[in-house]
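Report on the structure given below.
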Amino acid sequence: MQQSNTYIIVFSAILTIVCGGLLALANQGLKPRQEKSVELDTKAKILGAVVDLKGTKGDAIIDLYNESIEAITVNSEGEIIEKDEKGNPIIAEKVDVAKNYKLAPKERLLPVFKYHKAGDKNAVEAYVFPVYGKGLWGPIWGFIALETDLNTIKGASYDHKSETPGLGARITAPDVIDRYKGKKLFNSSDQLVSVLMLKGEKNPATMLDDHHIDGLSGATLTARGMNAMIESYFEYYSAYINKNKSSASTTMAIAQ
Amino acid sequence: MSTETLEKPIEKKPAEPLFSKRRKKYINDPLSSDNPITIQVLGICSALAVTTQMRPTLIMAISVTLVIVFSNLLISSIRNLVPSRVRIIVQLAIVATFVTLVSEVLKAYQYDMYKQLSVFVGLIITNCIVMGRLEAFAMGNKPWDSVLDGLGSGLGYSWIILAVAFFRELLGSGNVFGWPVFDAIGLSGFPTNSLMVTPVGAFFILGIIIWVQRTKSGYIER
C-alpha cells in the first residue's frame, strides 16, 4: 500500500505543506526580531567606527546613536541630496550601500554620518563614511571614521558576508582594525593615496608608514579587496571631503 | 523493497528504563569507540571549516546536535509512514527544515554568530552525520532510542570539534573563547602559528586526536 504512486504523491505533498508552513511561520514570527538585530548591527557598526562600544548593548546603542549621529546623503559631486527622484526624503541609514554599489559611481547615493557631542550638532568630532567592495568569497563592507581634518583615520569597523573564518574574516577583529587608526588617506598636497594593506603579516616596521599597514596572513585576496574598496570609495567621497576641508580651513583662517 | 534497517527486531521488554544499559550505549558509543568524526570519518568538512575559534564552534556544535536530535525524533516517529522509495528525499526535507529553523533563530538572537558562521549553518543539511543517523538508525528504531542516538552522535561530533577548536584558537591566535590566554599567564610574546588558523591546522589536530584514540582503543581500519 505504501509503495503506490498515489500514496507517495500525497505523502510528499503533505510533507511539503507542513515543512513550508512551519518555515513561513518561523520566518514571520522572527522577522521583527531579525530586523531589530540588523538595525542594531548597522548602528553599532557606524558607532563602532568612532567609539568603543564594549559593554554597551541593545537599546543603549540605539539611544546613543540617536543622540550623537547626524546623517546626510551626498552624491559624488559632494552635493547634499535630501530627496530622491520621486521627491521622497532620503534617510541616510536606509540607503542601501550594496544596491548603490551596482549603479554608476555618479548616480550613487553616498551617506555620511557625522558624529557629534551628545545634543550639540555643531560640535562634530568625526565623520563616518560607509564603504563597500568585494572580498574573496563575497561582499565586504564597513564604516571608516575620519578625524575632523577629514584625512586621519580615527577608527573603523568592517564586516563581510562570507570571508573564511580565521583568515579573511579577521578584518572584523579589533587588532586588525587598530592597524588603520592614525593612518592618512591623503598626502600633503591633498591627493588621495588611500591606505593599503600589505601582503603577508608581520612586515618589517620600515614598510609601514602613514599609508601602509600590515596585512593578513593567508588572506591576501581579502586584503586586496579592502584596498580597492577603501581607495574607490574615498575617491567618490573626495568631492565632499575637499569641500568640507576647504570650508574648515576658511573658517580657521577667519578665526585667525 | 524494504531495507534491512526497517526490519531490525526491536527488543520487547516490559517498561525498559529510560536509560537502560542498552540505551546508554547509544550515547556512549559515539563519544569514543564509534565517534562520527574520528572513526566513521563523517562531517569532516565542517570540522575543518568552523573550528578556528571556540565561540562559533560551540554554536555550530549546539546547532548540529539539535538538528540531529530533532530530525531523528521526527523521522523515527513517522518511520512507518515514509514510503521507502522517497525516504532520502523525505529525510532531506526534514533536515533542511530544521536547519533553516536553526538559521532563522540564530539570525534573530545571535546575529554576530550568524554572520560569522555564514554558509556553514546552511551546510549542516549536507553534514553526513545527520543523514547517516537518519538512514542507519532512525528509520528502524523507536523515537526515544533515536533521540538518544542523535544526542550521542551530536555530542560525539561536538566534543571533537570543540577539542580541535580549542587547540586551533589557542595555538593559532593565542585565545580561548576570545580570551587572551598567553597574555594572561605572562607569555604575551608567545609566537602564534598561523598554520593553525588555516584548515590544514585542523587536519593536523584531527590526525593527532585520531592517532591517540586509536592507540588507546587498538582500533584498526579494515
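Quick notes
- Residue match in segment A:216-224 (condition: of a type in the set (Lys, Arg) and over 12 Å from A:Gly133 (Cα atoms)): no
- In summary, strands (runs of 3 or more DSSP E) completely within segment A:44-155 and bearing 3 or more residues that are among the aliphatic types (A, V, I, L, M) occur at A:69-74, A:124-134, A:139-146.
- Residue among B:Ser103, B:Ser76 that is assigned to a helix (DSSP H, G or I), closer than 22 Å to B:Trp159 by Cα and of a type outside the set (A, V, I, L, M, F, W, C): B:Ser103
- Applying the set (1) at pLDDT below 80; (2) within 14 Å of chain A (Cβ to nearest Cβ) to B:Val50 leaves exactly one unmet item: (1).
- Residue in segment B:125-139 that is in contact (Cβ under 8 Å) with a residue 40 or more places away in the chain, buried (at least 20 other Cβ atoms within 10 Å of the Cβ) and not in a helix (DSSP H, G or I) present: yes
- Flag for A:Gln34 being surrounded by 13 or more Cβ atoms within 10 Å (Cβ to Cβ), closer than 30 Å to B:Ile75 by Cα and facing chain B (nearest Cβ under 10 Å): yes
- Candidate set: segment B:53-72, residues that are within 12 Å of chain A (Cβ to nearest Cβ) and among the hydroxyl-bearing types (Ser, Thr, Tyr); chosen: the one nearest to B:Val121 (Cα to Cα): B:Thr57
- Failed item in (1) within 14 Å of chain A (Cβ to nearest Cβ); (2) without any contact (Cβ under 8 Å) to a residue 60 or more places away in the chain; (3) part of a helix (DSSP H, G or I), with B:Ile208 passing the rest: (1)
- Of residues in segment A:1-15 being β-branched (Val, Ile, Thr) and more than 7 Å from chain B (Cβ to nearest Cβ), the one nearest to B:Val99 (Cα to Cα): A:Ile14
- Single residue of segment B:156-205 satisfying the filter (among the small types (Gly, Ala, Ser), assigned to a helix (DSSP H, G or I) and over 19 Å from the mean Cα position of the chain (by Cα)) that is surrounded by the fewest Cβ atoms within 10 Å (Cβ to Cβ): B:Ala184
The values are calculated or read from the model by the stated rules, or taken from the named source; none is laboratory data. None of the values given here were measured: they were computed from a predicted structure. Please note: Cβ atoms are built from the backbone with ideal geometry, for glycine as well, and neighbour counts cover all protein chains shown.
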